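Trainee: I have a structure here, written as structure tokens, and I will follow up with some questions on it.
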Amino acid sequence: MKVLVLTGAGISAESGIPTFRGEDGLWEGHRFEDVATPQAFARNPDLVHQFYNARRKALQNESVQPNAAHVALAEFEKRHDGEFLLVTQNIDDLHQRAGSRNVLPMHGELLKARCMLTGDLFDWRGDLSVQTPHPTEPDLVGTLRPHVVWFGEMPLGLERIAAFAEDCDLFLAIGTSAVVYPAAGIVAATDPHCRRVEINLDHTPQSDRFDLTIRGKASIEVPKFLESLE
Ligand code: BV8
């Protein structure tokens, strides 16, 4: 059985990482246009760096750990003898820390920095600013940005995701509001015979496209559902 999983902020909520669309619709006090677009970065790089520096620091807080949903996915992948791909919209590293191996972070990774001139990628756990020197090219200063896909930018791995989706047997969407494209379009790109399952606290605009919608917390429902496949 070829399994494709798509996760969103809802799978990390119980690990203490805020989701994007809380009641106020703001994102940690900001409108996404002000902190998550290339235009925002060009307009006010300090604000954008501060926004990601705060999230990078919070992610490394002792209290933020993978939860039972992340662990269940990693365990399932280890036991599964068919093809498995975990696509995540999250930029945290909780899937990787839980032991998942075949992870495709389609919106980038908070703990990585990218040089806008050379394209070099670096693991990055500290702050970034317009004064940050390039680690290997000392005469380059302020050329690093978060290795994160902003609105209006091309997500990563789209061809690989489409190729996997078109003949997968099971598509499992966990904790995503299904409003941001192209991620929200993956369900429609799955093989017509694919079994589609959505695990979410609430109904989403895509819920009707799923054969089974499980309403509940990811930390409870993901382990339960994966056990039901054994
Ligand atoms: C692209 C990384 C084109 C950043 C993210 C106008 C202007 C500009 C763009 C557009 C526009 N109109 C449309 C667009 C396209 C745009 C888009 O779709 N916009 C939306 C708002 C309409 N998309 C893009 O711009 C994408 N790029 O289109 O490029 C292109 C084409 C060719 C060539 C070049 C370019 C890029 C989008 C990626 C943006 N980056 N993240 C960062 O993190 O800082 S998006 C971010 O929000 C996430 O990654 C995710 O993708 C998205 C939605 O978040 P979710 O993960 O779903 O989380 P959310 O909080 O929304 O929902 C949580 C869910 O979990 C809820 O359903 C809740 O019920 C549930 N839940 C909560 N707790 C639990 C739970 N479920 C279970 N258990 C729980 N405990």
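Trainee: Counting just the residues of the stretch 36-89 that are among the acidic types (Asp, Glu) and within 22 Å of LEU156 (Cβ to Cβ), which one comes out nearest to the chain's Cα centre (by Cα)? Full working, then the answer.
Mentor: Going through the stretch 36-89, the residues among the acidic types (Asp, Glu) turn out to be 46, 62, 75, 77, 81, 83.
Next, from what is left, pick out any that are within 22 Å of LEU156 (Cβ to Cβ): 77, 83.
Values: GLU77: 18, GLU83: 20 Å.
Checked the stretch 36-89; the qualifying residue nearest to the chain's Cα centre (by Cα) is GLU77.
Trainee: Oh, and also: Looking only at residues in the stretch 205-224 that are among the basic types (Lys, Arg) and either at pLDDT below 95 or not in a strand (DSSP E or B) (or both), which one is nearest to the ligand (Cβ to nearest atom)?
Mentor: Looking at the filtered set, the residue picked out is LYS217.
Trainee: What tally of residues in the stretch 60-89 results from selecting those that are open to solvent by 70 Å² or more (accessible area, probe 1.4 Å) and touching a residue at least 12 places away in the same chain (Cβ under 8 Å)?
Mentor: Here the count works out to 8.
Trainee: Okay, next question. For ALA9, only one of the following conditions fails: (1) touching a Phe, Trp or Tyr at 6+ places or on another chain (Cβ under 7 Å); (2) more than 13 Å from the ligand (Cβ to nearest atom). What is its number?
Mentor: (2)
Trainee: Could you look through the stretch 151-180, keep only residues that are more than 6 Å from the ligand (Cβ to nearest atom) and part of a loop (DSSP other than H, G, I, E, B), and pick out the one that is most open to solvent (accessible area, probe 1.4 Å)?
Mentor: GLU166
Trainee: I'd like to check something: does the stretch 32-53 contain any residue that is closer than 27 Å to GLU166 by Cβ, out of contact with any His (no Cβ under 9 Å at 6 or more places or on another chain) and at pLDDT 95 or above? Step through it out loud before you land on a result.
Mentor: Taking the stretch 32-53 first, the residues closer than 27 Å to GLU166 by Cβ are none.
For the stretch 32-53, residues closer than 27 Å to GLU166 by Cβ, out of contact with any His (no Cβ under 9 Å at 6 or more places or on another chain) and at pLDDT 95 or above: absent.
Trainee: Which residue out of ARG21, ARG55 is assigned to a helix (DSSP H, G or I), within 8 Å of the ligand (Cβ to nearest atom), of a type in the set (Lys, Arg) and in contact (Cβ under 8 Å) with a residue 40 or more places away in the chain?
Mentor: Only one candidate passes the filter, namely ARG55.
Trainee: Scan the stretch 135-150 for residues that are β-branched (Val, Ile, Thr) and either outside any loop (DSSP other than H, G, I, E, B) or within 21 Å of PHE51 (Cβ to Cβ) (or both) and jot them down.
Mentor: Passing the criteria: VAL141, THR143, VAL148, VAL149.
Trainee: Separate question: Only one of (1) in a loop (DSSP other than H, G, I, E, B); (2) in contact with a helix residue (DSSP H, G or I) (Cβ under 8 Å, 6 or more places away or on another chain); (3) of a type in the set (Gly, Ala, Ser) is not met by ALA188, so which one is it?
Mentor: The failed condition is (1).
Trainee: How do the strands (runs of 3 or more DSSP E) wholly within the stretch 90-134 filter down when requiring 2 or more residues that are surrounded by 18 or more Cβ atoms within 10 Å (Cβ to Cβ) and modelled with pLDDT of 95 or more: which remain? Break it down stepwise before answering.
Mentor: Values: elements: 103-105, 108-115, 121-123.
The strands (runs of 3 or more DSSP E) meeting that bar are 103-105, 108-115.
Trainee: With the requirement that a residue be modelled with pLDDT under 95 and either buried (at least 20 other Cβ atoms within 10 Å of the Cβ) or out of contact with any Asp or Glu (no Cβ under 9 Å at 6 or more places or on another chain) (or both), what does the stretch 181-204 give you?
Mentor: PRO192
The values are calculated or read from the model by the stated rules, or taken from the named source; none is laboratory data. Keep in mind that what you see is a predicted model, and the values were worked out from it rather than measured. In this analysis, Cβ positions are derived from the backbone assuming ideal geometry, glycine residues included, and neighbour counts consider all displayed protein chains. Accessible surface is based on the protein model in full, side chains and every heavy atom, while ligands, DNA and RNA are left aside. Shrake-Rupley method; radii C 1.70, N 1.55, O 1.52, S 1.80 Å.
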